[in-house]
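Notes follow the structure.
The values are calculated or read from the model by the stated rules, or taken from the named source; none is laboratory data. Quick caveat, the model's predicted, so the values are computed rather than measured. Positions of Cβ are backbone-derived with ideal geometry, glycine not excepted, and every protein chain shown enters the neighbour counts. These area figures cover heavy atoms from the full protein model, side chains too; ligands, DNA and RNA do not enter into them. Shrake-Rupley method; radii C 1.70, N 1.55, O 1.52, S 1.80 Å.
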Amino acid sequence: MIQNGDKFTVFDLRSSVREATSVDMCQHVHNIKKTPNDYAKRCLKLYADVKSSAVNLDRQLKDAGFKTTYRFAHEYNIVGLTPEQIVCDAYKLEYFYKLATGNPNIKVGHKAAVMKIFDDAARVSYYYAQYIWAANPMARFDYADKIHMYRDWGTVLNFLLGVGFLFHPKDVYEFTMRHNAIDLDEAGRRELYARQLTFKNWCMNKYNIDTGCLVLCQEHQDKLAKILTRTDTPYAWQLIKRAMWPVRQY
C-alpha cells in the first residue's frame with residue numbers, strides 16, 4: 001500500500017488500488033450488501049452505450065459533415081493504465097467515498113478499522129491523481145498543488161473519472177473546480193447547470209448534436225458553437241496550421 005511520501009511505480013499504484021478496494025465492508029458496517037465491484041459494475045452499466053461523451057461528440061461532428069481538426073476528446077499519457085481501467089478504479093474508490101460521507105452504521109468496536117480503510121482509499125485516490133498529473137502537466141492547473149488528499153477526496157475522484165472518460169483537461173477543471181466548488185452555494189450551482197443545459201439543448205435541438213454528460217468550459221462552448229454555425233477558422237487553414245505546428249491542443 002502506498003504511504004505518504006513514497007516513490008511508486010504504476011505497478012505499485014495498481015497493487016495499492018487492488019488492496020484498498022478488496023476490503024469486505026460487510027464485516028464492519030451494518031446493512032452493507034454491495035461490494036466495490038458491484039458498485040463499479042452498476043455505474044459502468046450507465047455508460048455501456050456511450051463510453052465517452054467526448055469521443056462520441058467528435059464522432060457525431062464527423063458523421064454530420066462538420067469539418068474540423070479540433071478534438072474535444074483528449075488523449076492522456078497514462079502509461080501502464082487504460083481509460084477503462086481508470087474509470088473502473090475510480091468507481092471502486094468512489095464506493096468508499098460514498099460510504100464515508102453517508103454516515104455509515106459502523107459496528108461496535110470497528111470504528112478504528114473503518115477509518116483506516118477510508119484513509120487508505122482516499123490516499124490511494126490522491127496518489128492515483130498525482131501519477132496522472134506528473135505525466136500530464138497540462139492537466140495540473142492550480143488545484144493539483146492545493147488539493148488535500150482527505151478533505152478533497154470527492155474532487156480527486158471527479159478528476160480521475162474525467163480523465164478516464166477522456167474529457168479535455170479544461171472541461172475536467174470546469175466540472176471539478178467550478179461546478180463542484182466547495183464555496184459554491186446552491187443558487188450558483190443551479191445557475192451553472194442551467195447554462196450548461198441551455199447550451200446542450202441548443203446543440204441538440206438545432207443541430208442534432210448531443211454533448212452527453214460533458215460539462216464544457218466556456219472556451220469549448222464557444223469553439224463548438226463556431227463549428228456548428230460554420231464560423232470557425234476555415235478547414236483548409238486549420239489543416240495548414242496543424243501541419244506547421246503539430247502540437248497537442250491544451
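Here r is the Cβ-Cβ distance between LEU184 and MET204 and R0 is 30 Å; the resulting FRET efficiency, rounded to 0.05, is 0.70. Computed from the Cβ-Cβ distance with R0 of 41 Å, the FRET efficiency linking ARG195 to ARG71 stands at 0.95. With θ taken as phi - 60° and the Karplus curve 6.51 cos²θ - 1.76 cosθ + 1.60 applied, the whole-hertz 3J(HN,Hα) list for region 161-178 is 5, x, 5, x, 8, 6, 6, 4, x, 5, 6, 4, 5, 4, 6, 6, 10, 9 Hz, x standing for glycine and proline. Using the Cβ-Cβ distance between LYS51 and ASP119 with R0 set to 30 Å, the FRET efficiency from 1/(1 + (r/R0)^6) comes to roughly 0.45.
When the Gaussian network model of the chain links Cα atoms closer than 10 Å, the mean-square fluctuations of ILE227, ILE182, ILE132 top out at ILE182. Length gained on full extension, ALA243 to THR231: 2.2 nm, using 0.36 nm per residue less the C-alpha separation. Calculate log10 I(q)/I(0) of region 1-87 for q = 0.13, 0.16, 0.17, 0.22 Å⁻¹, where I(q) comes from the Debye formula with a single equal point scatterer on each Cα and nothing for solvent. At q = 0.13, 0.16, 0.17, 0.22 Å⁻¹ the computed log10 ratios are -0.69, -0.88, -0.94, -1.14. The candidate values are [x] 36, 20, 16; [y] 34, 26, 17; [z] 43, 19, 15; the one derived from this structure for semi-axes √(5λ) of the Cα gyration tensor in Å carries the label [x]. In the context of the full set of protein chains, the chain has a per residue accessible area of 56 Å² (1.4 Å probe).
Please go through the residue pairs LYS41/LYS146; LYS34/LYS107; LYS33/LYS111; LYS33/LYS200; LYS62/LYS241; LYS51/LYS223 and name each one whose alpha carbons sit more than 25 Å apart in this structure. Going by Cα-Cα distance, LYS41/LYS146; LYS33/LYS200 fall outside the 25 Å limit. The slack between LYS98 and ASN37, meaning 0.36 nm per residue of separation minus the straight C-alpha distance, is 20.6 nm.
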